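Structure first, commentary second.
The values are calculated or read from the model by the stated rules, or taken from the named source; none is laboratory data. Small disclaimer: the values here were computed from a predicted structure and weren't measured. As a convention, Cβ positions derive from the backbone with ideal geometry for all residues, glycine included, and neighbour counts pool all protein chains shown. Note: areas computed on protein heavy atoms with side chains; ligands, DNA, RNA excluded. Shrake-Rupley method; radii C 1.70, N 1.55, O 1.52, S 1.80 Å.
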Amino acid sequence: MWRRLRSALRSLRGSPAAPPHGGGGRPPPAMERAVVRCVPSEPKLSLRFVLPDGSARHMQRDQAEPLGRALARIATNAAKGHGKAGKKSKKARAEGGADGEAAVPAVRLFSRDGAAVAEEMPNAAAWQDGAVLHIGDARYRVERNPPALTELSLPRSLLAGFPVCPKVSTEFAAPQHCLFRWFREQRPADGGDVAGEAWVETAAAERVFTPSNALVGLRLKLRCTPGDGEQRYGPAREVESSGPVEAGPGACTFDARHLYTKKVCGHGSVRAVSYNILADTYAQTEFSRTVLYPYCAPYALEIDYRQNLLKKELVGYSADLICLQEVDKSVFVDSLVPALDAFGLEGLFRIKEKQHEGLATFYRRDKFSLLSQHDIAFSEALLSEPLHKELCEQLAKYPLVQEKVLQRSSVLQVSVLQSTADPSRKLCVANTHLYWHPKGGNIRLIQIAVAMSHIKHVACDLYPSIPVIFCGDFNSTPSSGTYSFISSGGIAEDHEDWISNGEEERCSMSLSHPFKLLSACGEPAYTNYVGGFHGCLDYIFIDRNALEVEQVIPLPSHEEITTHQALPSVSHPSDHIALICDLKWK
């Protein structure tokens, strides 16, 4: 603890610097740091500095308070600190004398140009970057809102050949402007002083580090210095991995696909990915381990292991749009956002109602900006939005089906993006995961009807005539009513899916939508391959009037998928397969 305290005190001290005004013939005293944090949305500012006796001070003052009051409080604190440092023994104090009283030092604040700051000035305006605080003979250079790290952590699982993406949270800084230095544990065989320096710096100086096979068995350390892009840097922090680098699984199902996606598309094209990544909340149950995926090695179902594979897979697709389903909230925040942010992608998340998982949409920052979000929960929208009033009234005639529809937690994520290269080009990107039950075709038809009405409102009413890209796990094969409705624009009231769960749950109605949508990746033999089922459930639907397909990235071969019997496996992180296609504007 004492070592950490000394480190904290050292981080507050700065290098010597000359004061901004004259000071006679004596050499100027060393300049310390006074760190001020002042955010307009907060009522108080904080001030941290170290007194000459080595004691740290952390003060909170009202931003509107006159500077003079803050300086008076600093003087009182400094006098107390000096008094404690120079305390006499009880006997000496009893004998008394003026020496026992600590003098209150003169405390002044000078602006960057050397002028005294008026004591009537509010704190928020007075404490400017580069100002100099005088406490007696001590000098402190004010650093206002310097770059700082609020969180720095490494993944729990590290695999050779797989990218290590730290979680970096900053204040008054940005991860892309931070400095990164990676270290590996020193082996006794390295010939160094084992009792001395335990870490050896690697050649890596990037935010993401991919350990080689040579580092298997060794732990990693990261030193990060926060920066704001304006040549200002804050105190560095270090974090060590909790365990050593482990051997990777060898060839993965996505390795061959990465050969097609080494580079990001040009500005006239968009690479889209849709992928159900298998939520940890479903993979880590006894039912999953013994019934759904008994063929999968238990360690390969662990979230830390799967995340290594998933991050490498997604990063390697060099995508502009990624729509994910079954995303655990913690996976989004702690794993996917740090990894994909490092490669230029911004993430949006919508959790399912009463669930721990949901939908995520990522878009490439230098290609798109976010104009607006229009996410809905199907059940809530059906009841509360006038847009769905007619459908809601029709559904009320079938109370059994209505009850099931309203119990579902499914959501729709809708994001409107604008091209950074051509602001006239906008996209409506929708992402969903429909009800899963094999006999739930009627429920899915109601859900997709709500989805298409909502997308029509966004892409026709709010942003007239913008193209639609609709991704998701629709839990519907190409022969289903849901697929037919999306691709043809309508469905008859006598379609067999209206009685998918028997006559007692018959729900007959005619539905239509105005879009001309095409499955960009066609109808693969399967996008979901588990022990007891394989079939095509996932699609990327595109507006055929505005977009066309440049290329579809081939799916893994059947041999690759079945190498370990089925999915997931030690070489594939999900029970689904990602769909990837390159689209271009017509």
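Which of the residues that make up region 229-243 are more than 30 Å from Glu143 (Cα to Cα) and open to solvent by 60 Å² or more (accessible area, probe 1.4 Å)?
The answer is Ser242, and nothing else.
Let's see how each residue does on (1) in contact (Cβ under 8 Å) with a residue 60 or more places away in the chain; (2) charged (D, E, K, R); (3) not assigned by the TED database to the domain that holds Asp341:
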residue: Asp113; (1), (2), (3): yes, yes, yes
residue: Ala116; (1), (2), (3): no, no, yes
residue: Asn123; (1), (2), (3): yes, no, yes
residue: Ala126; (1), (2), (3): no, no, yes
residue: Ile135; (1), (2), (3): yes, no, yes
residue: Arg139; (1), (2), (3): yes, yes, yes
residue: Arg156; (1), (2), (3): yes, yes, yes
residue: Val168; (1), (2), (3): yes, no, yes
residue: Gln176; (1), (2), (3): no, no, yes
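Each row is one residue, and each column tells you yes or no for (1) buried (at least 17 other Cβ atoms within 10 Å of the Cβ); (2) under 21 Å from Gly440 (Cβ atoms); (3) among the hydrophobic types (A, V, I, L, M, F, W, C).
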site: Ser487; (1), (2), (3): yes, yes, no
site: Ile491; (1), (2), (3): yes, yes, yes
site: Pro514; (1), (2), (3): no, no, no
site: Leu517; (1), (2), (3): yes, no, yes
site: Tyr526; (1), (2), (3): yes, yes, no
site: His534; (1), (2), (3): yes, yes, no
site: Phe541; (1), (2), (3): yes, yes, yes
site: Glu550; (1), (2), (3): no, no, no
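Taking Pro226 as meeting all but one of (1) outside the structural domain of Phe533 (by the TED database); (2) open to solvent by 20 Å² or more (accessible area, probe 1.4 Å), write down the number of the exception.
Just one mismatch for Pro226, condition (2).
Across region 331-345, which residue is most open to solvent (accessible area, probe 1.4 Å) among those that are over 18 Å from Tyr317 (Cα atoms) and in contact (Cβ under 8 Å) with a residue 40 or more places away in the chain?
Asp334
Just checking, how many residues over region 49-64 are under 22 Å from Pro146 (Cβ atoms), charged (D, E, K, R) and surrounded by fewer than 17 Cβ atoms within 10 Å (Cβ to Cβ)?
1
Yes/no per residue for (1) within 20 Å of Glu346 (Cα to Cα); (2) polar (S, T, N, Q); (3) in contact with a helix residue (DSSP H, G or I) (Cβ under 7 Å, 6 or more places away or on another chain):
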residue	(1), (2), (3)
Ala160	no, no, yes
Ala173	yes, no, no
His177	yes, no, no
Gln186	no, yes, no
Ala198	no, no, no
Cys224	no, no, no
Pro235	no, no, yes
Ser241	no, yes, no
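Could you please give the count of residues in region 229-275 that are within 24 Å of the chain's Cα centre (by Cα) and not charged (D, E, K, R)?
Residues flagged as within 24 Å of the chain's Cα centre (by Cα) and not charged (D, E, K, R) within region 229-275 amount to 20.
Okay, residues lined up against (1) touching a helix residue (DSSP H, G or I) at 6+ places or on another chain (Cβ under 6 Å); (2) crowded, with 18+ Cβ neighbours inside 10 Å; (3) under 30 Å from Gly268 (Cβ atoms):
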residue: Phe362; (1), (2), (3): yes, yes, yes
residue: Phe368; (1), (2), (3): no, yes, yes
residue: Ser379; (1), (2), (3): yes, yes, no
residue: Pro386; (1), (2), (3): no, no, no
residue: Lys389; (1), (2), (3): no, no, no
residue: Cys392; (1), (2), (3): yes, yes, no
residue: Pro399; (1), (2), (3): no, no, no
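Evaluate region 37-47: report whether one residue or more is out of contact with any Cys (no Cβ under 9 Å at 6 or more places or on another chain), of a type in the set (D, E, K, R), surrounded by fewer than 16 Cβ atoms within 10 Å (Cβ to Cβ) and modelled with pLDDT of 50 or more.
So far as region 37-47 goes, yes, one or more of its residues are out of contact with any Cys (no Cβ under 9 Å at 6 or more places or on another chain), of a type in the set (D, E, K, R), surrounded by fewer than 16 Cβ atoms within 10 Å (Cβ to Cβ) and modelled with pLDDT of 50 or more.
Cβ-Cβ below 7 Å, separation at least six or inter-chain, first residue in region 267-288 and modelled with pLDDT under 95, second of a type in the set (A, V, I, L, M, F, W, C) and in a loop (DSSP other than H, G, I, E, B): which pairs?
Qualifying pairs under 7 Å: His267/Ala421.
Wholly within region 498-586, which strands (runs of 3 or more DSSP E) include no fewer than the required count, namely at least 1 residues that are closer than 16 Å to Asn475 by Cβ?
517-519, 528-530, 533-535, 538-543, 579-585
Which fully enclosed helices (runs of 4 or more DSSP H) of region 348-416 have 3 or more residues being farther than 30 Å from Lys426 by Cβ and in the same structural domain as His437 (by the TED database)?
Output list reads 389-395, 399-407.
Output the residue which, of all residues in region 310-319 that are within 16 Å of the chain's Cα centre (by Cα) and open to solvent by less than 20 Å² (accessible area, probe 1.4 Å), is nearest to Gly266 (Cα to Cα).
Leu314
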